[in-house]
Amino acid sequence: MKLNLNILNVSFFLILTGIFFLPFNSWDGISFLGEYYRDSCVLFFLLAFFTLLFKKKIKLPFHSPIFYSLIIFLVWAALTTLINFETVLDNSFKQTSGVVRFLRQYFSLILAAVILPITFYNSFLNIDSKRLIYLIRKAIYYSFVIVIVYAIIEILVVKFNMINLKKPVLNIFDYLPFVEAKTDLRLKRISSVTFEPPALGTYLITIFSWMCSYIITSKSYLRFLPALLVIALAFISGSRAAFFIIIVQAIMFVIVISQSYQYNKLFSKILLTSAIAISIGFLAFAPKILNYVDNEIQSFKLNDNDHSLSNKSRFGIQYAMYQVFLENPVIGTGYGQQAYEARAKYPTWAKRNNWEFRLKYLNQNNKRFPPGYNLYLRLAAETGALGLIGFLLFMTFIFIWCYNNLNRQKNLLAIIVFVSMTGFMLNWLKMDTFRIYGFWICLALIFVNSTKKISNV
């Protein structure tokens, strides 16, 4: 028993360390880890998993319908590939066969959807729920402080042309693990300790609900600051989708707070403060705000000067995946296989004068497969309508859990999970990977919460 507790303590410490290192991924990475090669946090999560293997018994959340819906989706992802096996055998692209591509992608899926949440679940089980939330939040907070400090220096260099700060100040961050200090002086976008602005955006979406939780638990006048800093950094970073998603998350948070008598005064303060701040901001900067909104709307067009290339690549790939789905509407092409079919369906308007297709996406010498830019379209193309419905059913069970717990009692965990899941669902409209660690942490917390409720009955 004592040995098991020591193992769990070590595993939990490794997980907290991994959570701290969530944004630290601007290094070159470890190539054999595939799509996880940059993610320093996964090294600690895997160490936690291997530590748990010394435990006498690894528990699974068999009590949860969410867990069963996840398993059904995972089984279908493999089954649809077996059904398409003849085609999978013939697939070849970027010096990679269809079978090898499936094995790599399916292992990546199992790592994200099984190994990680089960590791989190077992490590979280014996910890008091309130203490667990506070410890996870503290790890995120300390990490976010470093992200903000780096970002402030980066903003001074990139936005205010204080180039003299780069070598003596910003390069100090090179001494941090998994960080290579850099700036984007050409596009003037902010990425902090992550490797690119979209990665920073995903990180901010992941931590926003945790930073919002300080508004509920703290009595300090500074309790709004962490959440406001997330919003500000998302805005300054230039990550358009992340900023929009975080604003939606903020609205969801306020709506949840407004439904609770317990937080009635807090809701009134948030509403009043927001109304005053928005009114003053709009009166003072109305022309700039209107110009910004107009520029952001224009930036989604294919002829936008700054974003036309990325827009053409993104929309072109999404269009091709939709065409693959139309040809394989029920069972799809097999998990990990859509790129083989989609490469012949990229529209001319997306490829024209677009070096990304020429040098990356259609270049046989570049072994990296093109991103799907939309998880739902990817699942529709690869697993068909049955797979997409299976995944959406899995997500529906999660939101049912959120609804039930938010209505029974406005507990902190339910608020964090609901706001987070709202962000993750929207974020998957622009990316096609399950490598969203905050999602699987929230899922493990749902499993833990459900287990403890059953135990207390």
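With all protein chains present, calculate the accessible area of Val100 using a 1.4 Å probe and round the result to the nearest 10 Å².
Surface open to solvent at Val100 totals about 60 Å².
What whole-number distance in Å separates the alpha-carbon centres of the stretch 167-227 and the stretch 137-155?
About 5 Å separates the Cα centre of the stretch 167-227 from the one of the stretch 137-155.
Can you give the calculated 222 nm mean residue ellipticity of the chain, where each DSSP H run of n ≥ 4 adds -39,500 (n - 2.57) and the sum is split over every residue, rounded to the nearest 500 deg cm²/dmol?
Value at 222 nm, helices only, nearest 500: -22000 deg cm²/dmol.
Can you list the DSSP H helices in the chain whose Cα atoms extend at least 24 Å along the helix axis and whose mean Kyte-Doolittle hydropathy is 0.5 or higher?
Membrane-span-like by this rule: 2-20, 65-83, 129-158, 197-217, 240-258, 264-298, 375-408, 437-456.
Work out, step by step, the length gained on full extension between Phe50 and Val75: first 0.36 nm times the residue separation, then minus their alpha carbon distance; give nm to one decimal.
Length difference between fully extended and current span is 6.6 nm.
Once you keep just the Cα pairs under 8 angstrom separated by 6 or more residues, what percentage relative contact order results for the stretch 1-67?
38
Return the equivalent ellipsoid semi-axes of the stretch 13-147 as a descending list in whole Å, where each equals the square root of 5 times an eigenvalue of the C-alpha gyration tensor.
Calculated on Cα positions only, the semi-axes equal 31, 22, 12 Å.
Once each part is reduced to its C-alpha centroid, what is the distance from the stretch 382-424 to the stretch 337-361 in angstrom?
Their Cα centres are 34 Å away from one another.
Full-extension gain between Lys182 and Phe235, please, as 0.36 nm times their residue separation minus the C-alpha to C-alpha distance.
17.1 nm
So for the stretch 1-133, averaging the separation of alpha carbon pairs under 8 Å that are six or more residues apart and normalising by length, what relative contact order in percent results?
Dividing the mean separation by the residue count of the stretch 1-133 yields 27 percent.
Which one is right for this structure if Kirkwood radius over Cα pairs in Å is calculated from it: (i) 24.7; (ii) 26.7; (iii) 23.5?
Calculated Kirkwood radius over Cα pairs in Å: the matching label is (iii).
Pop a pseudo-label 7 angstrom from the Cα along the beta-carbon direction at both Thr433 and Leu362 and give the gap in nm to one decimal.
If labels sit at Thr433 and Leu362, their model points lie 2.5 nm apart.
Taking the Cα atoms of the stretch 320-375 alone, what are Rg (to one decimal) and Dmax (as a whole number) in Å?
11.7, 35
Over the chain, what is the relative contact order in percent, taking alpha-carbon pairs closer than 8 angstrom and at least six residues apart?
Relative CO of the chain lands at 21 percent.
If you roll a 1.4 angstrom probe over the protein chains with everything in place, what fraction of the accessible area of the stretch 77-192 belongs to carbon and sulfur, to the nearest %?
63
Accessible area of the stretch 373-457 with a 1.4 Å probe: how many percent of it is carbon plus sulfur?
67
Any idea how far apart Phe107 and Glu86 come out in nm if each label point goes 7 Å out from Cα toward Cβ?
2.9
Per residue, what accessible area does the chain have, given a 1.4 Å probe and all protein chains present, in Å²?
It amounts to 48 Å² per residue over the chain.
The values are calculated or read from the model by the stated rules, or taken from the named source; none is laboratory data. Nothing here was measured: the structure is a model prediction, and the numbers come from that model. Neighbour counts are summed over all protein chains in view; Cβ atoms, including those assigned to glycine, are modelled from backbone coordinates with ideal geometry. Note: accessible area is taken over every heavy atom of the protein model, side chains too, but ligands, DNA and RNA are not part of it. Shrake-Rupley method; radii C 1.70, N 1.55, O 1.52, S 1.80 Å.
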